[in-house]
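Undergrad: First, the structure itself, so that you have it in front of you.
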Amino acid sequence: MDSKAGPSKSKIKQTFFTSRTKNKRRHRDDLDSEGSGEYIDEDIYSQGAHEEFSSSSEGTGSDNDLSIFNVRQKTKTTCPPKKTSLRPRADDTPSQPSRSSASKRGLSESNHSPIIQCKRLKPMNRDGPTTRLKKPGTCVTSAQSSNLPSTSSASKPALRQLELDGNGIFEFKYEFDCRATSPSIVQDCGDLLPDIPERHDASLSALPEPMFKCSTPSNLPDDDDDVHLPDYSPHKSPHNSPSRDGATNTWSSNPTSMKIINFTKKQELLVPPPTDPYEAFRLLIDDELLDLIVRETNANALRVGSAENVKRKSRIKNWKELTKEELLTFLGLLLHTGTIRLNRISDYWKRHYLFNISCFAKFMSRNRFLLILRCLHFTSETSEEDRLIKIRALMDHFNNRMNTIYCPGKELSLDESMVLWRGRLLFRKYIKNKRQKYGIKLYVLAEPDGTVLKCQVYAGANDETSGAGHAGKIVLKLLEERLDCGHHVYMDNDYNSYGLAVELLDRQTYCTGTLRKNLKENPIDIETISLKKGENKSLFLNGVHIGKWRDKQHVLYISTEHGDEMMETISKKGSVVMKPVAIIHYNNFMSAIDLQDQILDYYPVQRKTLLWYKKLFVHMLQMSLSNAFYLYNKFSAFDKMNLYDFRLNILETLLPDPNEVNRRNVLKVKHELTKIEKTRTRLKKVGSVVKETTEVARKECKGCKAQKKRVQTIYECKQCEGSPGFCTKCFCLVHS
């Protein structure tokens, strides 16, 4: 029997069983004496040898019941195959040859029409499974070829059928990777293979290739021409994902699928409105946070002082317990360094005439300030998995406090912010479009005016939001307290996608923003269309609107609230232009995080020498002050203040005037102007007589002396320090 095996087209030689195989064959014959059909040995299957089986139909043969297939097995090993042979059982019917006499003469067995040999067909997709036309072998009728198993599933081998009318026979190659064959494939292809007993899964690696044929018309191309067949392989289709399949087929220009969601919340302050800036500041920097910092800083100071590398005369050895009042003074001085900008912290305590800023030395010494800054700490816990454990308590307090005291409006903005850090850090990031390109990245949810509602620090691979779908996880993490109430969040193309828009829409939340053009869920029509300047193209699906608008260049955007309406707006040059409503709202509400970064840069407090978690603490302290500024101007009954006056008002409360403090302490005691009791004896000449007289020892008036006047007075204030002398006028002015 001649047949081709692989590209070498070498003939398969007749082989014989070994003695061991013969014994096993006889043993199987005895056990299965009542069975019928061909028997296939397991060992022979596992050896990967070239074998050939043929089966014949029982009963009366007919033209419509031809079921003859050539089954070949390819061997991909480099060693030559073992020579084996199969002998038919005694009770088996003689098998028919794989090629009938009619086919040998070049005639079809069904109607003895000439068989036309064709050149190999090339698939249109070169990466897909190969479909080739072979020389005619056995033949099947068109009715039998139509009953071939379905191969639409991605887990089945790619099977191509050509159901054509006419005479002639094609022979198709049915190829698949035997190593990846599953039992389901064997079951689906059972009508193509001979009657094979059930085998273990390990034997499937040697599954042979079936060969089958189907009818073809007589008007075939020449041998020199290649016939291209459409490639229906699910793995190589350009639209292989279900979402993309739907995106290309079901998008429409009808905006009726857009959903209407009502905003069920109200923008309000959930606590009594502040009466002054300091009260607004203490809404976020409350006693709970101050107690946490005091407790952890004192504990850290003890750990630092007891370290082995600390010298015996180090200042940390004489650490005094930090109190809440002293911590407030420390925070006031720290914020004041942003108002008066000097390069080094020690410059604020210098007495050089070029510096000489006396207010810092009046409240705290330089060594004490630097010592508190050195021991500043926020947690005693350690964790190898959580990279943000040193700052986790402060982040959670800020987010929970904002969620407790404030309910934002409908429009929200989500973007990233950077905290400058050029040192070594595992999760340091680089963003080229930011002013501070290197540093710690924060994901921020804010209102359009810059009020920060929630922030999340990017911690790298170990973060809970890391991995596949990182952008979507971040969005849902920041919005977890704001979902299901009708908010509208504006994001840029780093976060937006069709899948995220549908998920947010299911949680009663709108989203709008720019969109990346290379996402697989985007409709094909939007990606390929070219527009003129000012034109807009919109498509809708499941309440999601994806549009493309041409300005200076193409702008791809997505929205779940705004349709394809165009609106007039004023450009930067002052001219009236038409823009999509989604683009206009995006430009109006998306700049919240940039505005917040701008506010923080006006009075910077960060220092280059700080540790990364201390720098994050200073950044969150500034965010708390800016949030207090926005909340005070929104809900306070008093007049609005600018940021500079708002900061100075808080600093005056944290750092009161020392003279004012002394005056307040003086007023606590009842002061009285009394006559000086001390006397002195003096000789006085009256005429020619010299007399000894006793008189009051007068004192110089303290108030007049300050005005550079020399006034002697017989009155003093014993309650004042040093019992200074006062005239009646100066006493009333000083003690009023």
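The values are calculated or read from the model by the stated rules, or taken from the named source; none is laboratory data. It should be emphasised that the depicted structure is a prediction, and the values quoted were computed from it without experimental measurement. Please note: Cβ atoms are built from the backbone with ideal geometry, for glycine as well, and neighbour counts cover all protein chains shown. For the accessible areas, the whole protein counts, side chains as well, though only heavy atoms, and no ligand, DNA or RNA atoms are used. Shrake-Rupley method; radii C 1.70, N 1.55, O 1.52, S 1.80 Å.
Undergrad: Scan the range 286-314 residue by residue and report those that are open to solvent by less than 40 Å² (accessible area, probe 1.4 Å), more than 30 Å from Tyr630 (Cα to Cα) and outside any helix (DSSP H, G or I).
TA: The answer is Ala307, Val310, Ser314.
Undergrad: Check Asp449, Asp415 and return the single one that is open to solvent by 10 Å² or more (accessible area, probe 1.4 Å), assigned to a loop (DSSP other than H, G, I, E, B) and within 30 Å of Val271 (Cβ to Cβ).
TA: Result: Asp449 is the single residue among Asp449, Asp415 that is open to solvent by 10 Å² or more (accessible area, probe 1.4 Å), assigned to a loop (DSSP other than H, G, I, E, B) and within 30 Å of Val271 (Cβ to Cβ).
Undergrad: Can we say His336 is at negative phi, crowded, with 19+ Cβ neighbours inside 10 Å and not aromatic (Phe, Trp, Tyr)?
TA: Numbers: at negative phi: yes; crowded, with 19+ Cβ neighbours inside 10 Å: yes; not aromatic (Phe, Trp, Tyr): yes.
Yes: the conditions hold for His336.
Undergrad: Give me the residue from the range 260-289 that is of a type in the set (Lys, Arg) and touching a residue at least 24 places away in the same chain (Cβ under 8 Å) and, out of that set, farthest from Arg507 (Cα to Cα).
TA: First, pick out the residues of the range 260-289 that are of a type in the set (Lys, Arg): 265-266, 282.
Okay, now just the ones that are also touching a residue at least 24 places away in the same chain (Cβ under 8 Å), so 265-266.
Values: Lys265: 15, Lys266: 18 Å.
By that ranking, first place goes to Lys266.
Undergrad: Of the residues Arg435, Arg424, Arg401, Arg387, only one is part of a loop (DSSP other than H, G, I, E, B) and surrounded by 17 or more Cβ atoms within 10 Å (Cβ to Cβ); which?
TA: Arg387
Undergrad: Right, something else. Given Leu283, Leu327, which one is closer than 18 Å to Leu625 by Cβ and either touching a Pro at 6+ places or on another chain (Cβ under 9 Å) or not in a helix (DSSP H, G or I) (or both)?
TA: None of the others qualify; the one that does is Leu283.
Undergrad: Would you pick out the residues in the range 338-363 that are closer than 23 Å to Phe646 by Cβ and either part of a loop (DSSP other than H, G, I, E, B) or touching a strand residue (DSSP E or B) at 6+ places or on another chain (Cβ under 9 Å) (or both)?
TA: Within the range 338-363, Ile340, Arg341, Leu342, Ile357 meet the criteria.
Undergrad: Okay, next question. Tell me whether the range 459-467 contains one or more residues that are assigned to a loop (DSSP other than H, G, I, E, B), open to solvent by 40 Å² or more (accessible area, probe 1.4 Å) and within 19 Å of Tyr557 (Cα to Cα).
TA: no
Undergrad: Separate question: In the range 685-736, which residue that is surrounded by fewer than 12 Cβ atoms within 10 Å (Cβ to Cβ), in a strand (DSSP E or B) and of a type in the set (A, V, I, L, M, F, W, C) is modelled with the lowest pLDDT?
TA: This residue is Val686.
Undergrad: If you don't mind, there's one more thing I want to ask. Among the numbered criteria (1) part of a strand (DSSP E or B); (2) under 17 Å from Leu453 (Cα atoms), which one does Ser624 miss?
TA: That leaves (1) as the condition not met.
Undergrad: Right, next: Given (1) surrounded by fewer than 10 Cβ atoms within 10 Å (Cβ to Cβ); (2) of a type outside the set (Gly, Ala, Ser); (3) not in a loop (DSSP other than H, G, I, E, B), where does Lys634 come up short, assuming only one miss?
TA: (1)
Conditions tested, residue by residue: (1) among the acidic types (Asp, Glu); (2) closer than 20 Å to Ile599 by Cα; (3) modelled with pLDDT of 95 or more.
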{"position": "Asn367", "(1), (2), (3)": "no, no, no"}
{"position": "His377", "(1), (2), (3)": "no, no, no"}
{"position": "Ser380", "(1), (2), (3)": "no, no, no"}
{"position": "Ser383", "(1), (2), (3)": "no, no, no"}
{"position": "Leu388", "(1), (2), (3)": "no, no, no"}
{"position": "Arg435", "(1), (2), (3)": "no, yes, no"}
{"position": "Leu442", "(1), (2), (3)": "no, yes, no"}
{"position": "Val452", "(1), (2), (3)": "no, yes, yes"}
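Undergrad: A further question on this structure: Please return the ranges of helices (runs of 4 or more DSSP H) entirely within the range 468-573 where 2 or more residues are closer than 26 Å to Leu442 by Cα and in contact with a Cys (Cβ under 6 Å, 6 or more places away or on another chain).
TA: Working: elements: 470-478, 498-506, 524-528.
Where helices (runs of 4 or more DSSP H) fall fully within the range 468-573 and carry at least 2 residues being closer than 26 Å to Leu442 by Cα and in contact with a Cys (Cβ under 6 Å, 6 or more places away or on another chain), they are 498-506.
Undergrad: Picking from Phe398, Phe330, which residue would you name as being within 17 Å of Thr609 (Cβ to Cβ), at pLDDT 95 or above and in contact with a Leu (Cβ under 9 Å, 6 or more places away or on another chain)?
TA: Going through Phe398, Phe330 in turn, the sole match is Phe330.
Undergrad: If Glu381 meets every condition in (1) acidic (Asp, Glu); (2) farther than 21 Å from Leu331 by Cα; (3) part of a helix (DSSP H, G or I) apart from one, which number is that one?
TA: Of the numbered conditions (1) acidic (Asp, Glu); (2) farther than 21 Å from Leu331 by Cα; (3) part of a helix (DSSP H, G or I), the odd one out for Glu381 is (3).
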